[in-house]
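Take a look at the structure set out below.
The values are calculated or read from the model by the stated rules, or taken from the named source; none is laboratory data. It should be emphasised that the depicted structure is a prediction, and the values quoted were computed from it without experimental measurement. Quick reminder, even Gly has a Cβ in these numbers, built from the backbone with ideal geometry, and neighbours come from all protein chains shown.
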């Protein structure tokens with residue numbers, strides 16, 4: 001027996017036809033909203049058309065990893081081709097879902113909700129001084145000036161950012177992670193920087209949020225031991241990785257963004273081999289170049305096996321207007337009230353130093369390998385020089401990374417993978 005055709009089923013079939021369009025369109029529009037101060041929350045909550053596709057057209061694959069704020073899975077969908085994609089799934093505990101609540105909970109719910117926001121995100125008009133009165137038959141009923149307004153469920157509303165300044169526009173970690181990740185992902189998409197993971201869509205479904213992104217398989221924290229296993233190459237590889245991170249942080253700070261959680265598990269790595277950027281095969285290049293103002297850094301291809309990808313923006317804060325940040329930071333010892341251009345790099349270096357010490361003890365526990373210890377000494381010396389400085393200050397220092405400032409020969413093939 002065929003299922004009856006309903007308005008909902010017709011809508012699902014319509015969106016299934018355009019699964020690829022849903023996944024890959026609308027990113028620049030989100031970017032424009034972030035920069036102009038438009039209603040980003042209204043845009044994000046309006047993407048629920050993706051929800052019926054999750055589990056059918058869009059299927060979760062194997063679990064890739066996770067932490068306290070969500071899990072990451074491979075995803076499969078029609079016509080995805082040979083590229084790999086992933087989705088981060090988070091529980092929506094901090095999102096207010098109106099409806100389906102017991103009567104004893106409704107009073108607290110009403111007192112916490114702005115009727116102005118309620119009407120704005122429900123496309124309703126009426127008295128802004130009214131308040132939601134009760135929930136009836138799966139609908140929120142609002143009484144005001146003789147009018148009764150009803151909103152179909154589910155309805156998601158923005159919570160008040162009580163732990164931040166009044167200028168904070170977004171504080172939920174799901175919204176903040178996608179908003180900042182999409183903003184930085186645009187630098188990858190427009191050819192300005194290869195060093196950001198491309199986040200391309202967001203869906204807030206009942207009690208869960210989904211952030212769609214490109215899949216990157218390697219993590220710096222796990223790959224460090226392999227890097228240090230080749231003493232003849234490890235200093236050059238580490239310098240290439242550090243230059244990439246420094247340039248990416250300069251771009252973040254130009255947007256007044258602090259990652260606030262940039263440890264070695266949130267720095268991902270892609271293989272240079274097989275990577276195409278701006279229609280160029282990176283393995284065919286003699287040098288990969290980074291531009292910062294008048295300074296250019298040339299990374300020799302033989303020194304660089306990895307491309308850095310910064311991701312996981314769930315704790316990030318964007319301090320330029322409209323101000324965007326995650327409420328997770330409110331419980332941290334580090335205040336998110338002010339922009340800090342040293343924090344991300346110092347936090348990363350502390351995380352890196354701790355891991356390096358552990359690996360060195362595993363590889364050469366008695367310190368008997370003189371060549372290995374000599375090369376590690378070069379890495380430690382470099383990290384000490386970078387400590388307590390800003391990324392831009394380091395890249396502008398002519399005494400740092402001297403070798404990489406020398407222009408190659410005229411016939412060298414150069415691919416620019418980072419510019420400001």
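Selection of the stretch 60-93 for residues being under 15 Å from residue 205 (Cβ atoms) and at pLDDT below 90 yields 70, 90, 91, 92, 93.
From the list 185, 191, 221, the one residue that fits, being out of contact with any helix residue (DSSP H, G or I) (no Cβ under 7 Å at 6 or more places or on another chain), surrounded by fewer than 18 Cβ atoms within 10 Å (Cβ to Cβ), outside any strand (DSSP E or B) and in contact (Cβ under 8 Å) with a residue 40 or more places away in the chain, is 191.
Only residues that are more than 12 Å from residue 193 (Cα to Cα) and in contact with a strand residue (DSSP E or B) (Cβ under 8 Å, 6 or more places away or on another chain) were counted across the stretch 230-259, and they come to 10. Among the residues of this structure, residue 320 does not count as one that is within 29 Å of the chain's Cα centre (by Cα) and farther than 27 Å from residue 200 by Cβ. When 402, 318, 355 are checked against the criterion of being closer than 25 Å to residue 269 by Cα and touching a strand residue (DSSP E or B) at 6+ places or on another chain (Cβ under 8 Å), a single residue qualifies: 318. Beta carbons closer than 6 Å, at least 6 apart along the sequence or on distinct chains, pair a first residue in the stretch 399-418 that is touching a residue at least 40 places away in the same chain (Cβ under 8 Å) with a second that is surrounded by 12 or more Cβ atoms within 10 Å (Cβ to Cβ) and in a loop (DSSP other than H, G, I, E, B) for 412/286; 413/285; 413/286; 415/285; 417/194.
The residues of the stretch 273-295 that are crowded, with 18+ Cβ neighbours inside 10 Å and at pLDDT 95 or above, listed by number, are 282, 285, 287, 288, 289, 290.
Restricting attention to the stretch 404-420 and to residues that are modelled with pLDDT of 95 or more and touching a helix residue (DSSP H, G or I) at 6+ places or on another chain (Cβ under 8 Å), the residue that is surrounded by the fewest Cβ atoms within 10 Å (Cβ to Cβ) turns out to be 413. Against the condition surrounded by 13 or more Cβ atoms within 10 Å (Cβ to Cβ), touching a helix residue (DSSP H, G or I) at 6+ places or on another chain (Cβ under 7 Å) and over 25 Å from residue 223 (Cα atoms), how does residue 383 come out, does it pass? Taking the combined requirement at face value, the residue does not satisfy it.
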